[in-house]
Amino acid sequence: NIQSIDAFQIYDSRGFPTVEVEVTLENGVTGSGLVPSGASTGQFEALELRDGDKSVFRGKSVFKAIANIRGEIAPALQGMAVTDLKAIDGKLVELDGTENKSRLGANATLGVSMACARAAANARGVPLYEYLGKGQGTLLPLNEIQILGGGAHADWAIDIQDFLIIAMGAKTYEETLEMTFNIYHAAGEVMKGRGKSVGLADEGGWWPAFDSNEEPFEVLLEAVRLAGYEAGKDVAISLDIAASDLYDGERYHLKKDGTSFTPSEFCDLMIEWCEKYPIISIEDPFADTDFDSWKRFTEEVGKRVQVIGDDLFTTNIARIENGIDNQLANSVLIKLNQIGTVSETMAAIEMTQKAGWLPVVSARSGETEDAFIAHLAVATNAGQLKVGSFARSERMVKWNEVLRIERSLGKRARFVGAELYQTIFG
Ligand code: PGA
Ligand code: ZN
């Protein structure tokens, strides 16, 4: 049972304050949880509680969230069975009492929830993925890996947020990483050759010093060729448009190109890109309020392109349910801190899978050295993992953790690669 819970301010991959929680059980076993943080956050996400005093840590300190853990959550959870994560998370939701965790902070509730899950796995002496998945999680994910960063993660050097690759031809999890290695470094060479090599964006992808939103496609396709792969066969392009950031309520703006579009024109453009380039997956092509475009786009390309809702769904069961009822997409991005407990996150994954849609377990642009999501992806047989790029330890720790999980699973490990998409493409 839970003896004590403590919390501390640590720093994320952008050097911003975040929450670390440590749970100690009566038998001395401990577990920790480190909370990530987004930059292009959706308006329907659970609230990340920051102190907001501009004179202290630029307003970004999390001492209130920590005080809520120490003062309210810890006493309320003391003595509870750590292995009943549903009851713990239910208690957190009840204690907070708001729709969006705005009283205690989703960074407070999530840190506690993650730490309890870890402590429970440690108490049972099993890896986290075994504990969370009750021994049923055996599917290694097909990775979605960023090659070029943009949008809010690269000071709007280009408008599109993520240019990613999916190693469609990979036969094993390890091979997805080898293919990514080859393409990531080839892309670096291509950038250098074009005199456009200026560093890395927030998630470790190359910083896109480009003159348009289409130049990244050229660079990406050149890198794939240079690495010896065939685009559209061995490797496909995946995009995160993060379009809520481009929409002013009436029009979508691509500032780098000096263009703007009505929702239906922007929908035409997204369809055109899907025809012109070997795109297998596209995330947030429209704003989280532009349901008409989502519906039309999914109708037109959803049988050959994975259409992922991130800001659209914010890992929120009611929003996902609405999306399923109205066929707004065919895939859901899953982020723990968008909803604020592990149990609710797992329920969101389950609902997605039950509808015949695909979940993509995802990191945030502000990350930590915690590899929790690698375990979550395998535990739930989610099948896909998105962590940013192929550089920087807060990213690599997740890719590497899946390698360790693969070794730990041994013969039980499964990898189906791009066959996964048959679920949604039929
Ligand atoms: P964020 O970006 O963590 O800054 O929200 C990731 C994403 O949009 O998928
Ligand atoms: Zn996104």
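The values are calculated or read from the model by the stated rules, or taken from the named source; none is laboratory data. Not measured: the values here are computed from a predicted model. Neighbour counts are summed over all protein chains in view; Cβ atoms, including those assigned to glycine, are modelled from backbone coordinates with ideal geometry.
Only one residue in Lys255, Lys233 is of a type outside the set (S, T, N, Q) and closer than 14 Å to Ala152 by Cα. Which one?
Sole residue among the options that is of a type outside the set (S, T, N, Q) and closer than 14 Å to Ala152 by Cα: Lys255.
For the stretch 1-54, give me the residue count where each residue is of a type in the set (Gly, Ala, Ser) and more than 16 Å from ligand 1 (Cβ to nearest atom).
Residues flagged as of a type in the set (Gly, Ala, Ser) and more than 16 Å from ligand 1 (Cβ to nearest atom) within the stretch 1-54 amount to 7.
Which of (1) over 24 Å from the mean Cα position of the chain (by Cα); (2) surrounded by fewer than 21 Cβ atoms within 10 Å (Cβ to Cβ) is the odd one out, the single condition Ala223 does not satisfy?
(2)
Only residues that are assigned to a helix (DSSP H, G or I) and farther than 26 Å from Ala39 by Cβ: list them for the stretch 256-273, please.
Ser264, Glu265, Asp268, Ile271, Glu272, listed by residue number.
Among helices (runs of 4 or more DSSP H) lying entirely in the stretch 285-368, which contain 1 or more residues that are β-branched (Val, Ile, Thr), more than 15 Å from ligand 1 (Cβ to nearest atom) and closer than 30 Å to Leu104 by Cβ?
317-325, 342-354
This table checks each residue for (1) surrounded by fewer than 24 Cβ atoms within 10 Å (Cβ to Cβ); (2) without any contact (Cβ under 8 Å) to a residue 60 or more places away in the chain; (3) within 16 Å of ligand 2 (Cβ to nearest atom).
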{"position": "Ala120", "(1), (2), (3)": "no, no, no"}
{"position": "Val126", "(1), (2), (3)": "yes, yes, no"}
{"position": "Gln136", "(1), (2), (3)": "yes, no, no"}
{"position": "Ala152", "(1), (2), (3)": "yes, no, yes"}
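Mind telling me which of the residues Asp159, Asp257, Asp202, Asp240 ends up being over 23 Å from Met396 (Cβ atoms), at pLDDT 95 or above and within 16 Å of ligand 1 (Cβ to nearest atom)?
Asp159
When the residues of the stretch 128-150 are narrowed to those that are part of a strand (DSSP E or B) and either in contact with a Pro (Cβ under 6 Å, 6 or more places away or on another chain) or polar (S, T, N, Q) (or both), which ends up nearest to Ala223 (Cα to Cα)?
Leu148
What's the number of the condition Thr262 fails, among (1) surrounded by 24 or more Cβ atoms within 10 Å (Cβ to Cβ); (2) over 13 Å from Ile160 (Cα atoms)?
Against the list (1) surrounded by 24 or more Cβ atoms within 10 Å (Cβ to Cβ); (2) over 13 Å from Ile160 (Cα atoms), Thr262 comes up short only on (1).
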